[in-house]
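Structure first, then comments.
What follows is calculated from the coordinates using simple rules that are stated; it is not laboratory data. Quick caveat: nothing in here was measured; it's all calculated off a predicted structure. Here the Cβ positions follow ideal geometry from the backbone for every residue, glycine too, while neighbour counts run over all protein chains shown.
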Amino acid sequence: MFGVITLATSKGGAGKSTLARALGAHWFALGHRPALVDADPQGSLANRYDAAGRLGALPVIAEPEERVGDVIDELRSRHAPVIVDTAGFRNRTTIAALVETDLALIPLKPAVEDVDAAIATYDLIQEINQTEERAGRPIKIVMVLTMTMRGTVIARHVRSQLESAGYPLLAAEMPNRVAYPEAGIEGLSPTTVDPDGAAARDIAALAQEIMKSEIHQIMAAKEVA
Amino acid sequence: MTSKKLGALLRSVPPATAAETAPAHEPSPAAAESSRPEQAEPARRPSRTAAVVESEVPLQVLIPASIRKQLALKAAEEGQSLRALILRAIRSLGITVTDADIKGKRGRRNI
């Protein structure tokens, strides 16, 4: 009855939509039954959805209003994981989605504005964890570095600062690659366009690390059921 | 039922879209001058466009690829979104679709 991953940060342009679609495409290619919920009024995922395309069987549901919680609730009986993309600013829809979430992924570029927004989002989720709605079942939170340039000092510095401050950060990253915007033109992802390419391998590593967490057990239990 | 703590959290942030009640239309100065109490029209029910912008729900349908392609071409020719094009077609069936419905919410959110 679980299996919801929400990508959230109050900073726009951190890679939420790109990562949401990439993870959805990855798990879809592996034979899981993911669904994407586009809770961002900009509709980055919904606008590029092509029912006749190669990801046509990966459903994208646009719901930018607070009733997104009901949509997630309905979808998770048939799909796992339900991956929710949210808007790049603090809003009620994002909070409503997070209340229904098992794992919150906070993407951030190695830049100070992204770090500030990621920490603010982390604090917001911790506040949600203090509500009655989440009593006894806190939302798991992990940060993930996006659009990194390999070997740069800033990426290493941001990682070391976040880790030393005790924030949960995935070891895997989503490096900056042209494969994402290229595939995104047709609403696709590197895993779909070039499954053996470097970007697809990056996403596979990220997904594998996510799967190591308890969400793995949740998804496995759902598929057995 | 939302808990007090979550309710307070929700109230502390803006909605993602501008789905709140729009301000009532104020009469122009000229109209205000000419409208005396005895001439005032009886109160009318506010129209959907003036009062509330409804929440939107997803609608996904499977259609033949050739029709989808024609729709995309038509939308490109007219410089409109697929959504606007489809809503116009729905309006032509006699279903109530306002200009505000066609315009949509994008670009009207509060940040």
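Which order, highest average first, do A:144-151, B:63-70 follow once you tally other Cβ atoms within 10 Å for each residue and take the mean per peptide? Mind dumping the intermediate values first?
Details: A:144-151: 17.2, B:63-70: 10.5.
My ranking of the peptides, most packed first, is A:144-151, B:63-70.
Averaged over all directions, how much area does the convex hull of the C-alpha atoms of the stretch A:42-88 cover when projected, in nm²? Don't jump to the answer; show the numbers that get you there.
Details: hull surface 14.5 nm².
Averaged projected area of the stretch A:42-88's Cα convex hull equals 3.6 nm².
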Ratio of Rg to Rh for the stretch A:2-85, alpha carbon only, Kirkwood? 0.93
So what are the three principal axis dimensions of the stretch A:65-199 from its Cα atoms, in whole Å, longest to shortest? 44, 38, 23
Which of B:THR2, A:THR86 has the fewest Cβ neighbours within 10 Å, and the rest in rising order: B:THR2, A:THR86
Debye calculation, C-alpha points only, no solvent: report log10 I(q)/I(0) for the stretch A:63-130 at q = 0.11, 0.13, 0.15 Å⁻¹, in the same order as the q values. -0.28, -0.38, -0.50
What is the ratio of the Cα radius of gyration of chain A to 2.2 N^0.38 Å, with N the residue count, to two decimals? 0.93
Out of residues 5 or more away from A:MET147 or on other chains, whose amide H comes under 5 Å of its own, with H placed 1.01 Å from N in the peptide plane? A:MET174, A:ASN176
Of the lysine pairs in chain A, how many meet both conditions: Cα atoms under 23 Å apart, and a spacing of 8 or more in sequence or different chains? 9
